[in-house]
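Reading through the structure tokens given below for one structure.
The values are calculated or read from the model by the stated rules, or taken from the named source; none is laboratory data. Note that the coordinates shown come from a computational prediction; the quantities given were computed from them, not determined experimentally. All Cβ positions, even for glycine, are placed from backbone atoms using ideal geometry, and neighbour counts span all protein chains on display.
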Amino acid sequence: MRIATLAGARTLLYKEVLRFWKVAFQTVAAPVITSLLYLLIFGHVLEGRVEVFPGVPYTSFLIPGLVMMSVLQNAFANTASSLVQSKITGNLVFLLVTPLSHWAWFVAYVGAAMLRGIAVGAGVLLATLWMGLPTLAEPLWAVVFALLGAAILAALGLIAGLWADKFDQMAAFQNFVVMPMTMLSGVFYSVHSLPPAWQTASHFNPFFYMIDGFRRGFFGASDVSPWLSLSIVGATLVVIAALALRLLASGYKLRH
């Protein structure tokens with residue numbers, strides 16, 4: 001039974017990877033171009049005017065934030081859009097009649113979303129090589145936070161996809177929850193540049209710790225200790241993954 005479950009999870013994972021890879025220009029290339037536009041605009045306007053870490057040009061500071069933002073947003077979008085699309089087209093019933101466990105669903109959907117998020121992030125990194133990509137001072141931190149961040153947003157996208165019955169609801173979740181938390185997490189700035197009240201608010205945003213920990217891998221410097229970031233990001237993953245598994249196990253809004 002366990003072997004059959006693993007085989008089913010692998011098949012579903014393959015199907016989900018093919019789903020986004022067959023339209024890679026839209027799901028991978030387009031987000032990379034968007035991130036490059038952010039980099040060109042903000043880098044051109046603020047280069048030489050802002051220095052967050054000593055000796056680090058603003059453009060170099062910006063690149064890791066944009067990479068991580070791309071990873072997070074695309075990991076979320078993959079799981080959320082896949083489930084909502086399956087609900088609308090009615091092909092979700094073909095998955096419901098399979099003997100796949102909720103763990104198999106979770107591993108397949110989250111795994112595919114992580115692959116998409118990491119692929120887009122890698123694309124942004126490669127596309128910025130000509131702009132003076134910062135060297136990796138502590139690469140292990142970058143890898144750990146990229147994987148954890150992708151997993152968290154993939155699981156969050158799973159929750160949003162289960163809750164939403166149409167694309168409007170999914171877009172509302174993304175626009176009013178994911179986008180603000182991402183944009184207010186220090187992608188374009190250090191939280192130390194904010195007024196005290198906003199600094200305090202930023203420390204309640206788990207996205208801040210994902211991006212700050214990821215940036216630590218590039219510069220060996222961060223706004224908070226990477227160990228603190230790791231503990232908060234790890235706890236966030238446990239909570240969100242547990243909720244997603246609970247909803248899958250109960251068949252929440254899957255069986256009408």
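If a residue counts only when it is within 21 Å of R246 (Cα to Cα) and out of contact with any strand residue (DSSP E or B) (no Cβ under 7 Å at 6 or more places or on another chain), which helices (runs of 4 or more DSSP H) contained entirely in segment 67-183 have at least 2 such residues? First the steps, then the outcome.
Details: elements: 92-96, 102-127, 139-163, 167-173, 179-183.
Output list reads 92-96, 102-127, 139-163, 167-173.
For segment 212-228: of the residues being more than 20 Å from the chain's Cα centre (by Cα) and within 17 Å of Q199 (Cα to Cα), which is surrounded by the fewest Cβ atoms within 10 Å (Cβ to Cβ)?
S225
Within segment 172-195, work out how many residues are surrounded by 15 or more Cβ atoms within 10 Å (Cβ to Cβ) and either aromatic (F, W, Y) or more than 12 Å from the chain's Cα centre (by Cα) (or both).
The total comes to 10.
Check off (1) without any contact (Cβ under 8 Å) to a residue 24 or more places away in the chain; (2) farther than 15 Å from L18 by Cβ for S86 and give me the number that stays unchecked.
Against the list (1) without any contact (Cβ under 8 Å) to a residue 24 or more places away in the chain; (2) farther than 15 Å from L18 by Cβ, S86 comes up short only on (2).
Filter segment 208-229 down to residues that are free of Cβ contacts under 8 Å to residues at least 12 places away in the same chain and in a loop (DSSP other than H, G, I, E, B) and give me whichever is farthest from T135 (Cα to Cα).
Looking only at segment 208-229, we keep the residues that are free of Cβ contacts under 8 Å to residues at least 12 places away in the same chain, and these are 222, 225, 227.
Right, trim to in a loop (DSSP other than H, G, I, E, B) and you get 222, 225.
On the way: S222: 15, S225: 20 Å.
Looking at residues that are free of Cβ contacts under 8 Å to residues at least 12 places away in the same chain and in a loop (DSSP other than H, G, I, E, B), I get S225.
Just wondering, is there one or more residues in segment 196-209 that are surrounded by 14 or more Cβ atoms within 10 Å (Cβ to Cβ) and either touching a strand residue (DSSP E or B) at 6+ places or on another chain (Cβ under 9 Å) or within 18 Å of E138 (Cα to Cα) (or both)?
Yes: segment 196-209 contains one or more residues that are surrounded by 14 or more Cβ atoms within 10 Å (Cβ to Cβ) and either touching a strand residue (DSSP E or B) at 6+ places or on another chain (Cβ under 9 Å) or within 18 Å of E138 (Cα to Cα) (or both).
Would you mind finding the one in A151, A122, A104, A108 that is crowded, with 19+ Cβ neighbours inside 10 Å and within 14 Å of the chain's Cα centre (by Cα)?
Values: A122 fails: crowded, with 19+ Cβ neighbours inside 10 Å; A104 fails: within 14 Å of the chain's Cα centre (by Cα); A108 fails: within 14 Å of the chain's Cα centre (by Cα).
Answer to the check: A151.
Return the pairs, sorted by first residue and then second, in which the second residue is modelled with pLDDT of 90 or more and surrounded by 14 or more Cβ atoms within 10 Å (Cβ to Cβ), the first residue lies in segment 4-19 and is over 19 Å from S86 (Cα atoms) and hydrophobic (A, V, I, L, M, F, W, C), the beta carbons are less than 8 Å apart, and the residues are 6+ apart or on different chains.
L6/A104
Could you count how many residues in segment 184-207 are assigned to a helix (DSSP H, G or I) and free of Cβ contacts under 8 Å to residues at least 24 places away in the same chain?
Number satisfying all stated conditions: 7.
Exactly one condition in (1) closer than 25 Å to V238 by Cα; (2) modelled with pLDDT under 95 is false for L153; which is it?
Among (1) closer than 25 Å to V238 by Cα; (2) modelled with pLDDT under 95, the lone unmet condition for L153 is (2).
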